[in-house]
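Read through the structure below, which is laid out as structure tokens, and then see the notes.
The values are calculated or read from the model by the stated rules, or taken from the named source; none is laboratory data. Given the structure is predicted, the values throughout are model-derived calculations rather than measurements. With ideal geometry, Cβ positions are generated from the backbone for all residues, glycine too; neighbour counts draw on all protein chains shown. With ligands, DNA and RNA removed, areas are computed over all heavy atoms of the protein, side chains included. Shrake-Rupley method; radii C 1.70, N 1.55, O 1.52, S 1.80 Å.
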4 protein chains.
Amino acid sequence: MNVAIFGAGRIGKIHAANVARQPGVSLKYVVDVSPEAAAELARQHGALATVSETALGDPSVDAVVIASSTDTHADLIVRSAAAGKAIFCEKPVDLSLERARKCADAVSQAGVTCMIGFNRRFDPTFAALKARLDSGEIGEPEMLIITSRDPGAPPVSYIKVSGGIFKDMLIHDFDMFRWVLGDDGQTVHATGSCLTDPAIAEAGDIDSSVVTIRTRRGRLCKINTSRRAVYGYDQRFEVLGSKGMLQAGNVRPTEVVTYTSKAVYTDVPEAFFLERYRAAYAIEMAQFFGALIEGRPVPTSIDDGVKALELADAATRSWAEQKIITLGASQ
Amino acid sequence: MNVAIFGAGRIGKIHAANVARQPGVSLKYVVDVSPEAAAELARQHGALATVSETALGDPSVDAVVIASSTDTHADLIVRSAAAGKAIFCEKPVDLSLERARKCADAVSQAGVTCMIGFNRRFDPTFAALKARLDSGEIGEPEMLIITSRDPGAPPVSYIKVSGGIFKDMLIHDFDMFRWVLGDDGQTVHATGSCLTDPAIAEAGDIDSSVVTIRTRRGRLCKINTSRRAVYGYDQRFEVLGSKGMLQAGNVRPTEVVTYTSKAVYTDVPEAFFLERYRAAYAIEMAQFFGALIEGRPVPTSIDDGVKALELADAATRSWAEQKIITLGASQ
Amino acid sequence: MNVAIFGAGRIGKIHAANVARQPGVSLKYVVDVSPEAAAELARQHGALATVSETALGDPSVDAVVIASSTDTHADLIVRSAAAGKAIFCEKPVDLSLERARKCADAVSQAGVTCMIGFNRRFDPTFAALKARLDSGEIGEPEMLIITSRDPGAPPVSYIKVSGGIFKDMLIHDFDMFRWVLGDDGQTVHATGSCLTDPAIAEAGDIDSSVVTIRTRRGRLCKINTSRRAVYGYDQRFEVLGSKGMLQAGNVRPTEVVTYTSKAVYTDVPEAFFLERYRAAYAIEMAQFFGALIEGRPVPTSIDDGVKALELADAATRSWAEQKIITLGASQ
Amino acid sequence: MNVAIFGAGRIGKIHAANVARQPGVSLKYVVDVSPEAAAELARQHGALATVSETALGDPSVDAVVIASSTDTHADLIVRSAAAGKAIFCEKPVDLSLERARKCADAVSQAGVTCMIGFNRRFDPTFAALKARLDSGEIGEPEMLIITSRDPGAPPVSYIKVSGGIFKDMLIHDFDMFRWVLGDDGQTVHATGSCLTDPAIAEAGDIDSSVVTIRTRRGRLCKINTSRRAVYGYDQRFEVLGSKGMLQAGNVRPTEVVTYTSKAVYTDVPEAFFLERYRAAYAIEMAQFFGALIEGRPVPTSIDDGVKALELADAATRSWAEQKIITLGASQ
């Protein structure tokens, strides 16, 4: 199986290395807006740096991995689908819900496989929690609390094109909500503030948010996010069920405990997503190719990407218009 | 200093024992709707069982402890204030915000001391967190997450007269919010469901709720509550600050850890409020009498009681009317 | 039931307060080498300060609590037994094994009840571990690791008359060993060093020790102690069993967790024995009087005191003579 | 750099995969008593299956990895040294102290690099503890407690040729002792029992042991081991220092916490050494080749292997002869 990867940046490198590790899979092309970056990454994996036309036009390419900037996702999905390639695409599908839906249509019409990189579903701790929940260990889920905080805000230049905190950062949390509870949202309430850097407010965005989703079955979900948690990447969630509670905690680099006359202390959580989700990135890529090879459905479809975006859209409106949003029947 | 206590039930007994432990303080009267209960509690502490007229009419009585049912609080506060007694009253002041405000006026006009039993402020873990926050250990607070879950729902007969989950159960959490953040709410959003017992819904109430408060300074507070956490009384909160995070966890009966071939396990949290807040009840009573004896202001005034009720009222309306409530300037 | 207490120092005060709390028990006399200390403690509890002859000669006195200095224990036990009083005596019975055995004989001949204050057996965490072990949760015990460290060394003047670290400090751990494993030692090996203060070595003692006991059934016990753990009073043990492991951990003053950019930290353990074993002291006194009133045997007999001393004696010889000691059949 | 590996079993496969990952390093030969096993492992890494004569006789081979059975180590070390190859050898050097010393002489005379696979030094948690200790965070070390327990005993057929628990299992712990404390043993006391399976006693060995080492500077070390901890691979240690304590704990597969009405539970530790020390195996191989390429000394020399064996020898004698062993000046 031959693969072309789009994007040779931070996340592209991770995906390239994980592609290269799959048995029976060969990385054939690397495409990037920077020819130097493409060439360097191609060199590391014995691949060729090229342009998208070549990569998509080569009939020996079975699958593409889209890890380029968000504004290129939709176009590459549509073209890859038209070329009959299996697609792995980083989240989000697009910042526009309309365009995202068109992508989903294109994928559907072409009948190709398309998996969205909701990496958190593959984190060993989160996946173990989900398995315990599904096995009934805590009965029926009633309440889900998601804590999702980055160690620090990205540059304001990035924030300006990010689509806002709800589409950029909470898109993951909206997917987690759908995945964990297996339920759809009925109402969404979002509020937030700019507390860490006034430049974020000037860019029209916020850095701290609280979202409440009430599902059709009456279950409750709260998401709290911040662009800045100085103690590291804080990724936790807990589910209260009718027969107990499950918590998924952070991971520490080491298990050293230090006792001094003042305090007992341990490591802070893993620094950021590359550290925390290292295993998750490897597992999601293995599952993508495993699904392709064995003909199974992928675990995170483009519909999951569209639905997370619908929630992000609703949250953005709730925050901007200061009202409770009722989600449509299609959500 | 002589004291009369109103209410000889579960909480009355705790307060009576703590009153009896204060140096220089003597429990003189016990009043209860059940003469037997009053007599029994009076006997244990060498006090007299009597009626409210006698207790309030005795000029040697300096202070009263009101631990009777909620619907008697307002009347007893007003009459005790008129009689010039210092007052310790269990939360809530009243279920009606209007009546609560009248009580506050009566206290103010009489110039008597009145402390509301917001026991959680005196919990050693919560108080230590507050002290660390105030000392600047985590910089400015930005987000407060309160988890407040009872081990099981009270009888539906109680729920029917409780004033609803927001006034009955979250009244504590609204006070915690004000105390921890030292800020006032600007908007309140509340939603909830009845997930544990349909009889609660039939009684017009819910058992699971999520409340979001945005403060005037833009800080965010989320409160999640349930009437049923089968693993015990779950009372935690965490504060995200500009320089770190503080968490206040549950307390376990013992520090035993058991390792088996299947799992590593510890005790569940303390069973309910009598166990978890044993120390807090003792400390609040010591602070009440300490304030009286030394002429200091009490740490939880009747205004705190009124303000918590204002939030409970707003949350109730937000839930019932499904809208975001903007709090008045007076809040 | 009337009680006389010997010793009005730190531990005497704790016992006096706990005696005063027992229903149906009255503290009648306080005896101390310092008449002022006796008078002060007597005043607090409405008792009389007196001398030992009066206390022991008063036929209305049913029980005595011996909390005076170690060198007075043997004489008071013998005299109290002769006077027919029930006895609660702080550990150790005596520093001399021979004299301790004579005390046990005197108690036995007089037919009086005598309980030794091995307070650790009554610590809620330790007692819960023991109950789980006895219930078979981890199968048969195989190995016991006891960690027992004080926050700081006592004055050298005390160390000189203490009988050495094994009789003064490890006496508790030897009792814990016997209680937890329910087995007798066959061989004892002890070694140690003076690492915290050269003055302790000059006084002929050590401050750090490691003891290994192999029981008759082949079970293994290791005890490690230090006079100095700057992070607080460190009192833990763990039992490896055929089907699992049990650990009994330290207790923290609060459950606050602080996250900063450097570390995640919690409280250090309780400062010293008065804090850590507060509940244990109350429970042991309740059990002493409960046993007297209900005619049950006391949980820690004078034979337990003698047997712990036998182990301390063997450890002292093992350390001093640098050899493995085989315990006699009588142990 | 070309490499030959001896041994294609469980540990050989791990080392082969880690060798293959080193940049600039190529696995050229695989040697095993089973030609099929050698061929299969060679196939996976594009290497050749061959015999030792060929591998050692090929001048293009720069380094060898010895991961074959213990009884072949000495011969392969001597022959590899004579052939001028750099050597990475699994622990132990040999079961005979005399032969191990001869190997060290052979390595020394040939002037080749030889690293012994004491993998635990490279565990991220253990290495972080060591770094904190060396940085002075807890002052001077005074006491070291090593807990080292396997999940289950190997077959008795293996135990019979293992050299006994002290040389087979504690060899790692003796190296940890030397590494952590940076001190040499002066006296050794060892005792133990056969508690898990009578067949082990019939084979002349024990399955549970306790070792005490007192160092020349008077520091104390206790090691407790068992062949069976049903809850998983238990690998912990703690260091008490003059200014604090450091603990290195076990690693859990996931950070899920489950609350039920009975208990709060987490995962058991990683199952065995392949899981727990996965990172350590990768790091030690990177350090071996890093040292070779950059001309630095290896972190664990053959002298470390000899010294750990001296301690194992002393412990074996202490246990068998039931006496305290004083170590020679050479240790």
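Within 10 Å of the Cβ of each residue in C:242-251, the mean number of Cβ atoms contributed by other protein chains is 6.
The amide H of D:Gly232, built 1.01 Å from its N in the peptide plane, has no neighbour under 5 Å, considering only residues 5 or more places off or on other chains.
Each Cα pair under 8 Å and six or more residues apart adds its separation to the average, and for the range C:178-227 the resulting relative contact order is 36 percent. Here D:Lys28 is the anchor, and the lysines within straight C-alpha reach of less than 18 Å, apart from those fewer than 8 places off in the same chain, are D:Lys13, D:Lys85. Ordered from largest to smallest accessible area (heavy atoms of protein chains, 1.4 Å probe), the residues A:Trp319, A:Trp179 come out as A:Trp319, A:Trp179.
Here the range B:77-158 is assigned +1 on the Cβ of each Lys and Arg and -1 on the Cβ of each Asp and Glu. Its dipole about the Cα centre then comes out at about 380 debye.
Projecting the Cα positions of D:Ala110, D:Phe177, D:Ala190 onto the charge dipole of the range D:64-190 (unit charges on Cβ atoms of Lys, Arg, Asp and Glu, taken about the Cα centre) puts D:Ala110 furthest along the positive direction. The distance separating the Cα centre of the range B:248-276 from that of the range C:202-245 comes to 25 Å. Residue-wise, which Karplus ³J(HN,Hα) couplings in Hz belong to the range C:252-268, taking 6.51 cos²θ - 1.76 cosθ + 1.60, θ = phi - 60°, and x for glycine or proline? Result, ordered by residue: 9, x, 9, 9, 7, 10, 10, 10, 10, 5, 9, 7, 10, 9, 10, 4, 6 Hz. Among chain A residues, the beta-carbon with the smallest distance to the axis carrying A onto C is reported, with distance in whole Å, as A:Tyr265, 2. Close amide H contacts of D:Ile87 (hydrogens built in the peptide plane, cut-off under 5 Å, sequence separation of 5 or more or a different chain): D:Val64, D:Thr113, D:Cys114, D:Met115. When A:Ser108 is represented by a point 7 angstrom out along its Cα-to-C-beta vector, the spacings to that point in the other copies are 6.2, 7.8, 9.1 nm, nearest first. Buried surface for the D/C pair, taken as the accessible area of each chain alone minus that of the pair with a 1.4 Å probe, is close to 3100 Å² in total.
Where both bridge residues fall in the protein assembly as shown, DSSP classifies roughly 60% of the beta bridges as antiparallel. Shown in residue order for the range B:115-121 are the 3J(HN,Hα) couplings computed by the Karplus curve 6.51 cos²θ - 1.76 cosθ + 1.60 at θ = phi - 60°: 10, 9, x, 7, 4, 5, 4 Hz (x for Gly and Pro). Note: relative contact order over the range D:182-331, using C-alpha pairs below 8 Å and six or more positions apart, is 26 percent. Relative to the current alpha-carbon distance between B:Arg217 and B:Gln44, full extension at 0.36 nm per residue lengthens the span by 57.3 nm.
Taken about its Cα centre, the range B:35-75 carries a charge dipole of about 140 debye when Lys and Arg each add +1 at the Cβ and Asp and Glu each add -1 at the Cβ. For chain B, the share of DSSP beta bridges that are antiparallel, to the nearest 5, is 55%. The residues of the range A:4-77 expose, per residue, 44 Å² of accessible area to a 1.4 Å probe. Among the listed pairs A:Lys130/D:Lys262; C:Lys167/D:Lys323; D:Lys167/D:Lys222, a Cα-Cα separation exceeding 19 Å is found for A:Lys130/D:Lys262; C:Lys167/D:Lys323. For the range C:204-248, the solvent-accessible area works out to 18 Å² per residue, with a probe of 1.4 Å and every protein chain left in place. Between C:Ala82 and D:Lys262, the modelled label-to-label distance comes to 5.7 nm, taking each label 7 Å out from Cα in the direction of the beta carbon.
Compared with the dominant principal axis of the Cα atoms in chain B, helix B:10-21 is inclined by about 60°. Rolling a 1.4 angstrom probe over the protein assembly as shown with all protein chains present gives an accessible area of which 52% lies on carbon and sulfur atoms. Using modelled amide H (1.01 Å from N, peptide plane; none on Pro or chain starts), what sits under 5 Å from the amide H of B:Gln186, excluding residues fewer than 5 places away? Counting only residues 5 or more places away or on other chains, the set is B:Arg214, B:Thr215, B:Arg216.
Helix B:97-110 and the longest principal axis of the Cα set of chain B meet at an angle near 50°.
Averaged over the residues of D:220-232, the number of partner chain Cβ atoms lying within 10 Å of the residue Cβ comes to 6. If you sort A:Leu311, D:Leu292 by accessible surface, 1.4 Å probe, largest first, the order is D:Leu292, A:Leu311.
Compared with the dominant Cα axis of chain A, that is its longest principal axis, helix A:124-134 is turned about 70°. Per residue, the average separation of C-alpha pairs within less than 8 Å and at least 6 apart gives the range A:1-40 a relative contact order of 51 percent. Projecting the Cα positions of A:Thr266, A:Ser242, A:Asn224 onto the charge dipole of the range A:206-278 (unit charges on Cβ atoms of Lys, Arg, Asp and Glu, taken about the Cα centre) puts A:Ser242 furthest along the positive direction.
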